[in-house]
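Below is one structure, written out as structure tokens; comments come after it.
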Amino acid sequence: NDGYYYAPVGPWEIDWREHYEEFFAKRDGDGDAGSLKIRFADVGCGFGGMLVRLAEVFPEKLMLGMEIRDKVSEYVRERCAALRKDHPGKYWNISCVRANAMKNLPQYFEKGQLEKLFFLFPDPHFKAANHRRRIVTTTLLAEYAYVLAEGGILYTITDVEELGKWMSDHMSAHPMFERVPEAELTKDPVVPLLYTGTEEGQKVERNSGSTFLNVFRRVANPNH
Ligand code: SAM
């Protein structure tokens, strides 16, 4: 039902230079190919509010939004272009692609490439028959474990209590993930942005609604 859209065969097929031109140009020839890899992915990034905030806090990390709605992903790329124009030298580390993350994630990232993966206010799919469409499922968690580096962090937040419990239960039960303790979360500069940086989070704050935060770490491979 997404119609036709481009998806790469594998990450090698994509020329990221087009997305992050100035970031690449600045680092050309410095021998640090690792700095030219995408490290953060915001799945279902919507209008890109979180990417914009993250770009300011982590200017040396490349980040990608993945958004299934074509027009919305185009809007995010235009938003990046406008920010770059207004703030020379800044915002060259964020971009967005149209992608169905449930299908295409391993086509965009290599094994162990990502340090942070975000699922912020994902669609709740309330009906039991649609639960399989939820972005956190046991099957998909295996893919997230694949693209995340050991020690990488998966951030989830929702204003739907039942979905929060669903995500918490699935991540807790998965052998490749462990909960990040509260004490660590209070020190993580990303956590406050989950509320203020996302368009959905701002809506919830305006209505003084509740949110359910669940943050998990990708554990080391067994036998390592
Ligand atoms: N994360 C943003 C925020 O917090 O403001 C947007 C949240 S919005 C409720 C959920 C977004 O996920 C929508 O923009 C939707 O188009 C997108 N989405 C839903 N399923 C997706 C999928 N399989 N792959 C990529 N994006 C998806």
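The values are calculated or read from the model by the stated rules, or taken from the named source; none is laboratory data. Everything quoted here is computed from the prediction, not taken from an experiment. All Cβ positions, even for glycine, are placed from backbone atoms using ideal geometry, and neighbour counts span all protein chains on display.
Some points to look at:
- When restricted to residues that are under 17 Å from residue 121 (Cβ atoms) and either in contact (Cβ under 8 Å) with a residue 40 or more places away in the chain or assigned to a loop (DSSP other than H, G, I, E, B) (or both), region 65-78 contains 3.
- One residue from 175, 192 being in a helix (DSSP H, G or I) and over 16 Å from residue 44 (Cβ atoms): 192
- Residue check, residue 26 modelled with pLDDT under 95 and within 10 Å of the ligand (Cβ to nearest atom): no
- Candidates 108, 146 - the one that is out of contact with any Phe, Trp or Tyr (no Cβ under 8 Å at 6 or more places or on another chain), within 12 Å of the ligand (Cβ to nearest atom) and more than 14 Å from residue 166 (Cα to Cα): 108
- Scan region 111-131 for residues that are more than 15 Å from the ligand (Cβ to nearest atom) and charged (D, E, K, R) and the total you get is 3.
- Subset of region 98-135 (residues that are more than 14 Å from residue 154 (Cβ to Cβ), in a loop (DSSP other than H, G, I, E, B) and of a type in the set (A, V, I, L, M)): 99
- Residue 162 charged (D, E, K, R), over 20 Å from residue 73 (Cβ atoms), touching a residue at least 40 places away in the same chain (Cβ under 8 Å) and more than 12 Å from the ligand (Cβ to nearest atom): no
- Considering residues of region 136-172 that are assigned to a helix (DSSP H, G or I) and among the acidic types (Asp, Glu) only, the residue nearest to the chain's Cα centre (by Cα): 143
- Residue 77 vs. criteria within 27 Å of residue 10 (Cβ to Cβ), more than 13 Å from the ligand (Cβ to nearest atom) and among the basic types (Lys, Arg): yes
- Residues located in region 98-121, provided they are under 22 Å from residue 57 (Cβ atoms) and not polar (S, T, N, Q): 109, 114, 115, 116, 117, 118, 119, 120, 121
- Here residue 136 meets the list (1) modelled with pLDDT under 95; (2) under 21 Å from residue 56 (Cα atoms) almost entirely, failing just condition (2).
- Options 5, 91: the member that is of a type in the set (Ser, Thr, Tyr), touching a residue at least 12 places away in the same chain (Cβ under 8 Å), crowded, with 17+ Cβ neighbours inside 10 Å and assigned to a loop (DSSP other than H, G, I, E, B): 91
- For region 83-97, a tally of residues being more than 19 Å from residue 152 (Cβ to Cβ), more than 16 Å from the ligand (Cβ to nearest atom) and not acidic (Asp, Glu) returns 9.
- Residue count for region 44-64 under the criterion of being crowded, with 20+ Cβ neighbours inside 10 Å, more than 11 Å from the ligand (Cβ to nearest atom) and outside any helix (DSSP H, G or I): the result is 3.
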